[in-house]
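Colleague: Supplied in structure tokens, the structure appears directly below.
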Amino acid sequence: MRHSGEVSVGRRSEAGPVALIGAGSVGCMLASHLGAAGWDIVVCGRAPLERVVMTIDGEAMEHKVGWAAEPGELPPLRFAVLATKIQHTPDVAGWLGALPEDGVVLAAQNGVDHRSRIEPLTAAAVAPALVYPNAERTGPGEVRVRRTGWGLVVPDDEAGRAAAALLAGSGLEVAAAADFATAAWEKLLTNVIANPLTALTGRPLEVLHEPAMAALGLDLALEAVAVARAEGAALTADHARTVLAWLQSLPGATPSSMLQDRSAGRGLEHQGLLGPVVTLGRRHGVPTPLTAAMLALLDALPAGPAGPGSRTTVAG
């Protein structure tokens with residue numbers, strides 16, 4: 001990789017715009033922050049967008065964006081944000097393949113295997129990013145963001161520092177983790193608790209205040225901790241309890257990403273989130289019966305939006 005990992009404001013026009021691959025809730029949030037930092041944005045594929053609007057702390061921030069229908073229409077650029085769901089990564093291989101060898105892809109996806117999933121599809125360096133703010137899509141190019149006390153977490157390496165530099169001055173905090181593998185597993189704990197339980201019940205995070213659901217969430221997290229430890233991550237049962245308490249501290253009306261997807265009739269990300277816990281657990285001889293049960297239940301959900309029993313009003 002030939003770049004230095006440092007990106008200054010003065011070099012932003014030289015580097016070209018930042019490509020946004022995946023203009024859903026997280027993608028539009030990051031595009032808005034990048035716009036605030038002075039970057040031009042070009043949205044990749046699907047329906048044309050002319051602007052992104054982020055509402056945060058009651059204030060709406062609007063930024064104009066460009067649009068490219070095909071990878072061949074992209075201008076010269078070095079940087080991209082990948083914000084699709086895990087299962088859609090192969091669908092955007094053409095866009096990822098358009099990045100140069102001295103480029104960087106900020107991979108704002110869930111999971112614990114960002115680089116092995118994405119590196120075969122691009123010549124650019126991959127900088128995994130763990131996304132903690134809650135982003136809720138309210139319309140095409142529009143997102144409502146709830147602060148959660150955390151921003152992004154990236155690896156403390158050359159690609160991670162280059163990704164962090166992209167967001168300098170954006171208003172979004174970016175922390176660099178020396179032990180990114182442990183950080184990624186810790187972030188996965190939030191997903192194995194919040195996503196299946198909200199998606200299956202049709203309720204936002206307030207469901208975790210019910211003692212039985214909180215206990216189930218903790219047990220799911222403890223299964224993931226056991227697998228993470230077998231994988232070499234430095235997690236303990238205290239991490240599981242801390243993550244559950246943090247989720248319970250968030251506003252009760254906060255919807256998880258999987259609840260938003262189910263409410264909108266979109267495909268769910270459960271295989272990418274819970275699947276590795278079961279698969280790696282089997283490899284290490286670590287039992288994961290609750291996680292396997294969650295996978296089976298999520299697999300069995302009918303296609304289409306959640307039924308009338310859902311208590312969320314998330315827009316699609």
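Colleague: For the stretch 103-230, give the percent of accessible area contributed by carbon and sulfur heavy atoms, probe 1.4 Å, rounded to a whole number. Each step should come with its number before you reach the end.
Modeller: Working: 2170 of 4130 Å².
Of the solvent-accessible surface of the stretch 103-230, carbon and sulfur hold 53 percent.
Colleague: How far is helix 237-249 tilted off the main Cα axis of the chain, in degrees rounded to 10, range 0 to 90?
Modeller: With both axes taken from Cα atoms, the answer is about 80 degrees.
Colleague: Let me ask something additional. Beta carbons within 10 angstrom, averaged per residue: use that to sort the peptides 283-293, 215-225, highest first.
Modeller: Ranked from most to least packed, the peptides come out as 215-225, 283-293.
Colleague: Given all pairs of different Cα atoms, what value in angstroms does the Kirkwood hydrodynamic radius of the stretch 47-108 take?
Modeller: 13.5 Å
Colleague: So what is the accessible area of the chain per residue, in Å², with the probe set to 1.4 Å?
Modeller: With the other protein chains kept in place, the chain gives 41 Å² per residue.
Colleague: How compact is the stretch 221-305 by the rule of thumb for globular proteins, expressed as Cα Rg over 2.2 N^0.38 Å?
Modeller: Details: Rg = 14.4 Å, N = 85, 2.2 N^0.38 = 11.9 Å.
Taking the Cα Rg and dividing by 2.2 N^0.38 Å, one obtains 1.21.
Colleague: Right, next: Find how many whole Å separate the alpha carbon centroid of the stretch 8-69 from the alpha carbon centroid of the stretch 183-243.
Modeller: The distance from the Cα centre of the stretch 183-243 to that of the stretch 8-69 comes to 32 Å.
Colleague: With angles folded into 0 to 90 degrees, how steeply does helix 275-284 sit against the dominant principal axis of the chain? Use alpha carbons for both and round to 10.
Modeller: Between helix and principal axis, roughly 70 degrees.
The values are calculated or read from the model by the stated rules, or taken from the named source; none is laboratory data. No experiment lies behind these values; they were computed from the predicted model shown. All Cβ positions, even for glycine, are placed from backbone atoms using ideal geometry, and neighbour counts span all protein chains on display. When the accessible area is computed, the model is the full protein with side chains, heavy atoms only, and any ligands, DNA or RNA have been set aside. Shrake-Rupley method; radii C 1.70, N 1.55, O 1.52, S 1.80 Å.
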